[in-house]
Amino acid sequence: MTTPIGETLREIYTLLLAAFGPQGWWPAETELEMMIGAVLTQNTNWANAETAIRNLKENDLISIKALSDMPAPVLAEYIKPAGYYNLKATRVKNLIALLDEKHGGDLNNLFSLDIDTLREELVSVRGIGLETADSMILYGAGKPLFVVDAYTHRIFWRHGIIGEEVGYHDLQMLFMDNLPHEVELFKEYHALLVKTGKEFCRRKPLCSNCPLDSMRT
């Protein structure tokens, strides 16, 4: 049975999909590339992260062995466009170390874990928080875990669906408890919310042209 909040979530999704169309997110050729991208896009925009990823791809460096063998300072030079490059190089190396040391360099071995265990392992990596880990689980491992971010919180708070103080877990459970656990639905919904946040639900909102303007309370 669909709940009232479930109906609201469906309405939001329908409005955004009609306005923007499918987003085709996450743009990566491999699961490892997606995971590296999730680290590089922290605290920057996707265009900068994409340039850094392109640098790695053009030099055939998107592999566990290549990243494992490469010293962090050298990696930092390749990923400079992503910003905070020394810090992010260390975080990428930490992730690769997890794959090497606990899973024999086999992503499939990591992704075979259940969602809770997989998440626990990913957030144990220094520099990987809940949002980054959950992005890897949804877009990399292809497991149904809804990713929330600052845009999600801002949109749903401004529309009176959640309180301003609601934290990551409770907001995530709003989606998990009221939507079918479908990977493609979760991917598309998250991407559409990011698109809405960037285009309209900014710090200074552009409500009049937003696809969700009709839902404002």
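For Thr3, the criteria (1) touching a residue at least 40 places away in the same chain (Cβ under 8 Å); (2) closer than 18 Å to Asp134 by Cα; (3) exposed (fewer than 15 other Cβ atoms within 10 Å of the Cβ); (4) not acidic (Asp, Glu) hold in every case but one, which is (2).
Does any residue in region 15-31 that is more than 19 Å from Ile64 (Cα to Cα) come within less than 8 Å, Cβ to Cβ, of a residue that is not in a helix (DSSP H, G or I) six or more places away or on a different chain, and which pairs are these? Taking only residues 6 or more apart or on different chains, the pairs are Leu15/Pro211; Leu15/Leu212; Leu16/Pro211; Leu16/Leu212; Ala18/Pro211; Ala19/Pro211; Phe20/Pro211. Being within 28 Å of Asn55 (Cα to Cα), touching a His at 6+ places or on another chain (Cβ under 8 Å), without any contact (Cβ under 8 Å) to a residue 60 or more places away in the chain and part of a loop (DSSP other than H, G, I, E, B) is a condition met by no residue of region 113-125. Just one of (1) at pLDDT below 95; (2) of a type in the set (S, T, N, Q); (3) closer than 24 Å to Tyr151 by Cα fails for Thr41. It is (1). With the structure loaded, tell me whether Ala66 is in a helix (DSSP H, G or I) and either exposed (fewer than 15 other Cβ atoms within 10 Å of the Cβ) or without any contact (Cβ under 8 Å) to a residue 24 or more places away in the chain (or both) or whether it fails that test. When the stated conditions are applied, Ala66 passes them. Listed conditions (1) of a type in the set (A, V, I, L, M); (2) assigned to a helix (DSSP H, G or I); (3) touching a residue at least 40 places away in the same chain (Cβ under 8 Å) are all met by Leu171, apart from (3). Just checking, does region 192-199 include any residue being over 22 Å from Ala47 (Cα atoms), in contact (Cβ under 8 Å) with a residue 24 or more places away in the chain, of a type in the set (Lys, Arg) and in contact with a helix residue (DSSP H, G or I) (Cβ under 9 Å, 6 or more places away or on another chain)? Scanning region 192-199 turns up no residue that is over 22 Å from Ala47 (Cα atoms), in contact (Cβ under 8 Å) with a residue 24 or more places away in the chain, of a type in the set (Lys, Arg) and in contact with a helix residue (DSSP H, G or I) (Cβ under 9 Å, 6 or more places away or on another chain). Is one or more of the residues making up region 89-104 within 18 Å of Thr132 (Cα to Cα), assigned by TED's automatic domain parsing to the domain that holds Met136, surrounded by 15 or more Cβ atoms within 10 Å (Cβ to Cβ) and of a type in the set (D, E, K, R)? Taking every residue of region 89-104 in turn, at least one turns out to be within 18 Å of Thr132 (Cα to Cα), assigned by TED's automatic domain parsing to the domain that holds Met136, surrounded by 15 or more Cβ atoms within 10 Å (Cβ to Cβ) and of a type in the set (D, E, K, R).
Is region 40-58 home to any residue that is over 19 Å from the mean Cα position of the chain (by Cα), assigned to a helix (DSSP H, G or I) and among the hydrophobic types (A, V, I, L, M, F, W, C)? Checked region 40-58: at least one residue is over 19 Å from the mean Cα position of the chain (by Cα), assigned to a helix (DSSP H, G or I) and among the hydrophobic types (A, V, I, L, M, F, W, C).
Quick check on region 192-210. Is at least one of its residues surrounded by 11 or more Cβ atoms within 10 Å (Cβ to Cβ), in contact with a Cys (Cβ under 8 Å, 6 or more places away or on another chain) and within 18 Å of Ser135 (Cβ to Cβ)? Among the residues of region 192-210, at least one is surrounded by 11 or more Cβ atoms within 10 Å (Cβ to Cβ), in contact with a Cys (Cβ under 8 Å, 6 or more places away or on another chain) and within 18 Å of Ser135 (Cβ to Cβ), which makes the answer yes. None of Arg91, Arg119 is in contact with a Gly (Cβ under 7 Å, 6 or more places away or on another chain) and within 22 Å of Pro27 (Cα to Cα) except Arg91.
The values are calculated or read from the model by the stated rules, or taken from the named source; none is laboratory data. Please read all numbers here as calculations on a predicted model, not as lab measurements. Cβ sites come from the backbone with ideal geometry, for glycine too, and all protein chains shown count toward neighbours.
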